[in-house]
């Protein structure tokens, strides 16, 4: 008999999980609390009309592995490439824009609209004969032992209580976000270690319209960053030539701004060029007041499953702060990894889920920690000379000694499908080596530059530095391979 | 107008909080999910008929500060003193019992029955004219902004749904345990950092009846410990000459025992004397199978409150593992500290709760961590010579150089009302010093003993060691005072 899979949550992760299940011939039912976001009368998910995402290798790979040959390309058609960061700072009173490539070999992050991605996935789901899509339904109870769940039909609004009915299932997949109801009920059946933390940063989104001539207001192929340590402003391009911008600031910082009302002055001082290049004074003030100041939550838990009857994926399992751009990519990767285990043990789902939890727990916890740590990189480190030197050296090693398998942590996270936990192990190993390289390089650079400056030109000095790096790096290669 | 305080949970912490509120003239309503435990037809809280607690200074002090002059004495009348630990081990194949005093000045832990303590508190509550005690009521919703809550009357059983009704309040105190419903609803109103962890130890309780002659089966004034590193068996005396015993073991350890069925053999090998001194082979097998193997949860969160309308106390705020014997003591202390802040700001409860959260968070998190760490002390360290030497040295410093204010972490936690966070700071400072002392002592002890052994006797060697410790300690005193 065909097994019945219930997916709770029709966001990107839930939709992709439903597609994976449908491709495998399961009887799939998807229940979503909210209305269908493709319906133009539906209010947007949040206050603004776009939440911007950075799609990268893990997400794309998971789309490609779905078994639907044109899905990934349909999604990719609606993305906009960001080749690097553009750092906006004032140096000695002067406004400087500093581009930094994401990848020495030219690979890019892909900016895209969450609603667009979600709509595409829902369209594909709707076309499958064995999928039932149900909106406006709230999960109110699950018995994972008896494999029975209860849903309420929210006829009028999300808040209003409606009729309750019972649905049985063989396997429930919870992809219902950070405040997951599936997880809440799962915790009654399994002793779950669970941790949630609100970090001391709130975020406020700003919509940046196209320029009067219809084009982008600032160079589009970048993730723009105004790094100011305790605060940060970013802007991501959209395919419709708008930007989606976000201010990150501490709670007390927002309170002070609220009290003083000096938002424009604050921006002028910290985020050069935002006013008026991106937004007018009036619009900045208006959006600052109108748009919510929202908290950021970080969630870790384990195990993700109970027996053979339920599992949680995506934000429900590991909501993370947005600073590594991996939240959704990790969620989509969950789907790929989960179904690899389900395919591996077609007659023993319990074992598949055991192994899924075992493999995925350290990976999710790693990217969660990396995301927390990456605020510092985005808001502070990117403007420091030592960071730039280090980045440059790593890129050279990566480009010119490919045999060493050298790659930055960022590129492994963003442009590969290596397990997050292994990325971190590799990065720790490389960091040890690199710290040595940077130290020796600095010393030899000073020496070499001094020597060449007396006899030759700048170009020669540069080559001298690079040659010494290569020699050191080749020696380091042995360490890496050990 | 009189303010209305709702207390959710009528366990020891909730009952004491209700008493504190009632003494201050509030209109108090207490809602408890379970039936009245004083009713003889009520099933016990858990499978066994007694959960044993170690009452210590913080708990007693909080009872005394209630404003009810005879409350603490009424509770103390039903306690049984434990002057120290009795360690049961096999040394060179021989069964040895090793008493270790808790306190160099003779202070004791007080063993008591949770139900007894709870009953006493409920009796006092019932005698107050401004308290309404309501059992069999489940909290199903709270709006902390509108100060309205919803309860269900569970007429037939805890599981069965009953009539729902609405109750408004001015201030809600949630003392409804580790799986607190108040906390669950509070989290919807305040961004709460929250962490729960199931440790890899399960516990199983055993009831030890009196001996045939009606007396205790083993010396009663001790907390008996059979420390076996990854497992541990303990026994606490009850006033009715029984013992309440607990086996702590890893999940996989329990599974292996379940599979092999060799419970008696396991006990014979690890816990010398338990069979037959405390329990017969048959009874051990029977109780091991009949009594549940239960998990241990550790919970941290913050903040504990929302605005001026709600706060959580006790296990709801900081459930901890039982290895420091402080869970209930910390919960009772919560009540004292909370009302000190409420008394300090009689017209600004919001400020009082802010300060309560600020002060109590590091204290609760400290004792939570100490409790996690204390498993190792109870199950391993207590049988190690270096631990005993260290304990002896600390006791000497404590007894003979009182001016240094030396006290062990254990005695500050157990026999004082010093803030937990300050206890830990003091302990860290002392540990640094003591590590030095122990190191020097060991060196000088070897030297001195060697010297005296040639010329004098054992007694002289011992005095020599002690004298050198005193000299070192007096020097260390200056460090302590710095």
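Rule-based calculations on the coordinates, nothing more; no lab input. For clarity, every value in this text was computed on a predicted model and none was experimentally measured. In this analysis, Cβ positions are derived from the backbone assuming ideal geometry, glycine residues included, and neighbour counts consider all displayed protein chains.
Some observations on this one:
- Cα gyration tensor, region A:339-425 - rounded (a/c under 1.5), prolate or oblate: oblate
- Beta bridges per DSSP with both ends in chain A, % antiparallel, nearest 5: 75 percent
- Ascending list, in nanometres, of distances separating the residue A:377 label from those of the other copies (7 Å, Cα toward Cβ): 4.1
- Highest to lowest packing among A:383-395, B:408-420, A:272-284, scored as the average C-beta count within 10 Å: B:408-420, A:272-284, A:383-395
- In degrees, nearest ten, helix B:12-23 long axis to first principal axis of chain B (Cα): 60 degrees
- Axis-proximal residue, chain B, for the rotation superposing B on A (Cβ, Å): B:195, 2
- Value of Rg/Rh across region B:54-173 [Cα atoms, Kirkwood radius]: 1.17
- Kirkwood Rh and Cα Rg combined as Rg over Rh, evaluated for region A:147-282: 1.14
- Helix B:327-344 vs. chain B, principal-axis angle (Cα, 0 to 90°, nearest 10): 60 degrees
- Exam field: residue B:347 pseudo-label spacings to other copies (7 Å along Cα-Cβ), nanometres: 7.8
- Residue-averaged 222 nm ellipticity for chain B, from DSSP H runs of 4+ at -39500 (n - 2.57), nearest 500: -14000 deg cm²/dmol
- Kirkwood-Stokes translational diffusion coefficient of the protein assembly as shown, alpha-carbon pairs, 10 °C, 1.306 mPa s, µm²/s: 49 µm²/s
- Starting from the label point of residue A:94 at 7 Å along Cα→Cβ, the same points in the other copies fall at 8.6 nm, in ascending order.
- Sorted ascending by nearby beta carbons within 10 Å, beginning with the fewest, B:216, B:144 become B:216, B:144.
- Principal-axis tilt of helix A:458-481 within chain A, Cα atoms, nearest 10 degrees: 50 degrees
- When peptides A:301-312, A:56-67, A:89-100 are sorted by average Cβ neighbour count within 10 Å, with the highest value leading, the order is A:301-312, A:56-67, A:89-100.
- Rounded D (µm²/s) - region A:225-309, Kirkwood Rh over Cα pairs, Stokes-Einstein at 10 °C, 1.306 mPa s: 105 µm²/s
- Based on alpha-carbon atoms, the Kirkwood radius and the radius of gyration of chain A give Rg/Rh equal to 1.00.
- In plain terms, if you count all Cα to Cα distances in region A:1-116 and split them into 5 Å steps from zero, the share in each step is 2, 9, 14, 16, 17, 14, 9, 7, 5, 3, 2, 1, 0, 0, 0 percent.
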